[in-house]
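The values are calculated or read from the model by the stated rules, or taken from the named source; none is laboratory data. The structure displayed is predicted, hence computed values, not measured ones. Glycine gets a Cβ as well: all are built from the backbone with ideal geometry, and neighbour counts include every protein chain shown.
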Amino acid sequence: MSSTIVFQDIRMKSPDGFRVEIDEAHERADVILDRPPLNVISMPQRDQLRLAFELLDEDARVRVIVLRAAGEHFSSGGNIKGFMEATPETVSKLAWNIAAPARCSKPVIAANRGFCFGVGFEISLACDFRLVSETGLYALPEQKLGQIPGSGGSARLQKIVGITRTKDIVMRSRRIAAKQAYDWGIATECVPDNRLESATDALVEELRAFSPLAQRTAKKLLNDTEDAMLTTAIELEGHCYSRLRQSDDFKEGVEAFHAKRPAKFKGS
């Protein structure tokens with residue numbers, strides 16, 4: 001990656017267990033879990049991750065966000081001791097913090113390898129795309145602690161794979177290998193371990209080629225209509241289509257199509 005800079009903001013101070021890098025040349029930001037070897041996610045880190053996504057959502061230099069990790073494991077999950085020490089107010093915000101990638105208007109890609117357990121799995125489920133290497137293992141192991149997933153994991157998973165498979169994963173604390181995760185629709189792509197970075201790079205470049213306005217609209221529409229009745233979803237889709245019809249990007253897209261040239265979208 002060329003010309004990366006470490007992202008700093010006074011509102012985030014010193015990130016706990018992760019870092020953020022921005023590659024302006026590729027309009028890309030990487031949120032990198034960096035507490036080797038297992039990238040355990042602490043309680044304060046959850047709130048900082050939320051803030052990082054909110055700040056990157058406002059950053060005009062960034063078109064696509066990648067959530068990845070240093071080392072051979074994405075994350076083994078949360079700091080277990082932290083749950084016993086956290087206040088009820090802190091615990092009540094767990095799902096809100098981990099849902100930050102879903103609320104972000106920009107496309108968010110999770111690049112998973114090795115262990116992707118507990119909150120590591122939950123924050124990946126909140127991303128728009130999950131690329132997993134063949135070494136990847138997904139799990140929600142909270143039953144082994146006498147608990148249930150608390151950051152949206154079981155709810156998001158049920159939307160993706162249905163109640164039968166979600167019960168199998170949650171109630172048995174079952175580990176799901178990368179290929180099975182792909183077959184079940186949990187992962188967007190499953191690639192060899194040595195191709196995870198190149199597959200992530202390729203998806204970033206693919207997403208950058210689209211209209212940022214159309215991308216933001218599509219993401220919000222799909223998120224907002226996930227639980228809607230079909231008639232409501234179709235109605236909202238029509239309104240979004242109508243608004244985009246007036247955009248400069250749509251005009252450019254049509255002109256580029258007829259001229260048989262690549263479109264140059266500006267996000268307006």
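Tabulated values for the structure
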{"read-out": "Answer residue from the range 69-114, given it is charged (D, E, K, R), over 19 Å from ARG175 (Cα atoms) and surrounded by fewer than 19 Cβ atoms within 10 Å (Cβ to Cβ) and is nearest to the chain's Cα centre (by Cα) among those", "value": "ARG103"}
{"read-out": "Failed item, numbered, when GLY71 is tested on (1) of a type outside the set (A, V, I, L, M, F, W, C); (2) at negative phi; (3) out of contact with any helix residue (DSSP H, G or I) (no Cβ under 8 Å at 6 or more places or on another chain)", "value": "(2)"}
{"read-out": "Qualifying residue in the range 193-205 (condition: touching a helix residue (DSSP H, G or I) at 6+ places or on another chain (Cβ under 9 Å), hydrophobic (A, V, I, L, M, F, W, C) and assigned by TED's automatic domain parsing to the domain that holds TRP96)", "value": "yes"}
{"read-out": "Selection from the range 227-268 of residues that are among the aromatic types (Phe, Trp, Tyr) and loosely packed, with under 14 Cβ neighbours inside 10 Å", "value": "TYR241, PHE257"}
{"read-out": "Some residue of the range 158-168 being closer than 25 Å to PHE83 by Cβ, among the charged types (D, E, K, R) and free of Cβ contacts under 8 Å to residues at least 12 places away in the same chain", "value": "yes"}
{"read-out": "Leading residue by the ranking (surrounded by the fewest Cβ atoms within 10 Å (Cβ to Cβ)) among those in the range 194-216 that are of a type in the set (S, T, N, Q) and assigned to a helix (DSSP H, G or I)", "value": "ASN194"}
{"read-out": "Long-range neighbours under 6 Å by Cβ, at least six apart or interchain, first residue in the same structural domain as ALA111 (by TED's automatic domain parsing) and of a type in the set (D, E, K, R) within the range 129-143, second in a loop (DSSP other than H, G, I, E, B) and surrounded by fewer than 23 Cβ atoms within 10 Å (Cβ to Cβ)", "value": "ARG130/THR188; GLU134/PRO192; GLU142/ILE148"}
{"read-out": "Only listed residue being hydrophobic (A, V, I, L, M, F, W, C) and within 14 Å of the chain's Cα centre (by Cα), chosen from ALA139, ALA52", "value": "ALA52"}
{"read-out": "Residues (over 30 Å from ARG245 (Cα atoms) and among the aromatic types (Phe, Trp, Tyr)) located in the range 168-226", "value": "TYR182, TRP184"}
{"read-out": "Hey, ALA102 in a helix (DSSP H, G or I), assigned by TED's automatic domain parsing to the domain that holds ARG165, more than 16 Å from VAL20 (Cα to Cα) and at pLDDT 95 or above or not", "value": "yes"}
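Conditions (1) without any contact (Cβ under 8 Å) to a residue 40 or more places away in the chain; (2) in contact with a helix residue (DSSP H, G or I) (Cβ under 9 Å, 6 or more places away or on another chain); (3) part of a helix (DSSP H, G or I), marked per residue:
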| residue | (1), (2), (3) |
| --- | --- |
| ASN223 | no, yes, yes |
| ALA228 | yes, yes, no |
| GLY238 | yes, no, yes |
| ARG243 | yes, yes, yes |
| PHE250 | yes, yes, yes |
| VAL254 | yes, no, yes |
| HIS258 | yes, no, yes |
